[in-house]
Each structure stands twice: as structure tokens, then as C-alpha cells.
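Accompanying notes for the structure given below.
Read-outs: derived from the displayed coordinates by stated rules, not from any lab. Computed from a predicted structure; not experimentally measured. Positions of Cβ are generated from backbone atoms using ideal geometry, with glycine treated the same way; all protein chains shown enter the neighbour counts.
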Amino acid sequence: MAHCTAVNHSVRELRHLIGRFADAGVRNMLALRGDPPKDGAPETPEFRHASDLVELIRAEHPSLAVLVAGYPETHPESTSVAMDIEHLKRKVDTGADVVVTQLFFDNQDYFRFRDRCADAGISVPIVPGILPVTNLAQIRRLTAMCGTHLPGRLLRRLEVHQNDEEGQYAVGVYHAARQAEELIAGGAPGMHFYVLNKSRAALLICRALALFTPVEE
């Protein structure tokens, strides 16, 4: 699945990029607005929202599956939960097939978000995005940046191992595996892991989930 960001690209550039992905055999594309430039460079005005990119992909390459981002704890730039859901619905209405969520650590945030989506008439699959914590300092930076809540119980467990990298890794993998187990039991249609180039964490979680899943005779 290719990740495509719209910010600071012209329509011409995006058409070319999406076409190259399609020609290469890519069949799934995650359409993101992207972060505005932080170096003072002016933003390209054609695409200010991810829904603009979804609309372009759907018009140019209707056979591509389009995924978009959703925010269980709302997007940091949204002024209200209602506005956040409204923006998400616009992305779905313009052609998104699947929503993949931003990382979260409390499953109730996902279940509440899924209910809000259903109430708004969003019927596409809502795939939870899970990040196995493997480094305490790193996750503190990430959660501060994206506005994600780090539960106190998880934070305390990580702090016990703040000078032990493997201990932090074990705590993070355990928490993510339990999250995944509960989400699957609660009807989640799948799982997306944010592994930050540390695939061993995802592998360990999948092995743990195999232990949780009954094997048919």
C-alpha cells in the first residue's frame, strides 16, 4: 500500500505520481493531507484536505482501493469531535474505501470512535492502528506531537524500565498484543501496526495472537 501526501504538490505532480504507482502494480493507496512545511515555504494551494486527494485518485484511477486516516482522539487541528467526524465523512463520501486510525493506547477510544462513525453514516471498515511501544522517550515525543493519550498504567510500567531497552520493548509488545486481542474480539476488521522499522515487535505480537486464537480441528 503506497502512502501519498497531498500537501505542497500540484495536481500535475500528483497525477504523475499516482499514475506511476498504478503502472507499477500498486492497488492500494493511503491518501493523506500530509504535514504543512515547517521551513516557512509557502503551501501549494490546490490541495488543502485529504478529501481533495481522494477525489483525484478516484477520478483518475477508479480501480485503486483508497484508504484514509481517522482519529479516535480527534485530529489535533480539529476544533471539535463533530468537525473531525465531518471531515472524515467527506473523505469517505468522495470515495474512500477504508479508514485506518491514528495510533491509540486505550481501546475504548477506538470503540467510541467506531460508534461515532456509524452514527454519522460512515459504513466503511474502520481498521485500528496500533503502535507497539519500544522506546519510552520516542513515544513521549510521538504522543505529544499527535495528541494521543498515553494511559498512566502503561506509562508507569514503561518508567519501571526506563533504563532497560529490552524491558521497555517487552512492556510495549505485551500491551499491544492485549490491545489487538481485545480489538479482534470486539469486531475490528483487521489491524494496522505502526512498527517504525522495528518489525520484530509486530512479529512477536502476531505470535502472541496465535496463542489467543482457538485452532479449529
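The ranking of Arg157, Arg20 from fewest to most other beta carbons within 10 Å of each one's beta carbon is Arg20, Arg157. For the Cα atoms of the chain, what angle does the longest principal axis make with the long axis of helix 50-60, in degrees from 0 to 90, nearest 10? It works out to around 60 degrees.
Excluding same-chain neighbours fewer than eight residues apart, the aspartates and glutamates reachable from Lys198 by a Cα-Cα span under 15 Å are Glu165, Glu166.
When the Cα atoms of the stretch 56-96 are aligned to their principal axes, the ranges along those axes come out at 33, 13, 12 Å in descending order.
Per-residue Cβ neighbour counts within 10 Å put His149, His192 in the sequence His149, His192, beginning with the fewest. Calculated FRET efficiency, Arg15 to Arg48, Cβ-Cβ distance, R0 = 25 Å: about 0.90 to the nearest 0.05. Volume per residue for the stretch 129-176 equals 63 cubic angstrom (convex hull of Cα atoms).
Calculated from DSSP H runs of 4 or more alone, at -39500 (n - 2.57) each and per residue, what is the 222 nm mean residue ellipticity of the chain, nearest 500? For the chain, the value works out to -15500 deg cm²/dmol.
Kirkwood Rh over alpha-carbon pairs of the chain, then Stokes-Einstein at 20 °C and 1.002 mPa s: what D in µm² s⁻¹, rounded to an integer? Using the Kirkwood radius from Cα pairs, D works out to 115 µm²/s.
Set the Förster radius R0 to 41 Å, insert the Cβ-Cβ distance between Asp164 and Arg27 as r into 1/(1 + (r/R0)^6), and round the FRET efficiency to 0.05. In this case the efficiency is close to 0.45.
Across q = 0.10 Å⁻¹, the stretch 42-152 modelled as identical point scatterers on its alpha-carbon atoms has Debye log10 I(q)/I(0) values of -0.32, in the order of the q list. Average projection, convex hull of the Cα set of the stretch 134-212: 5.6 square nanometres.
Once both labels are positioned 7 Å from their Cα atoms along Cα-to-Cβ, the gap between Asp35 and Asp115 label points is 3.3 nm. Fewest-first ordering of Arg90, Arg12 by other beta carbons within 10 Å of each residue's beta carbon gives Arg12, Arg90.
Taking the longest Cα principal axis of the chain as reference, the axis of helix 199-212 is set at about 60 degrees. Rounding to the nearest 10 and keeping the result within 0 to 90°, find how far the Cα-based axis of helix 107-119 lies from the longest principal axis of the chain. Once rounded, one gets 30 degrees.
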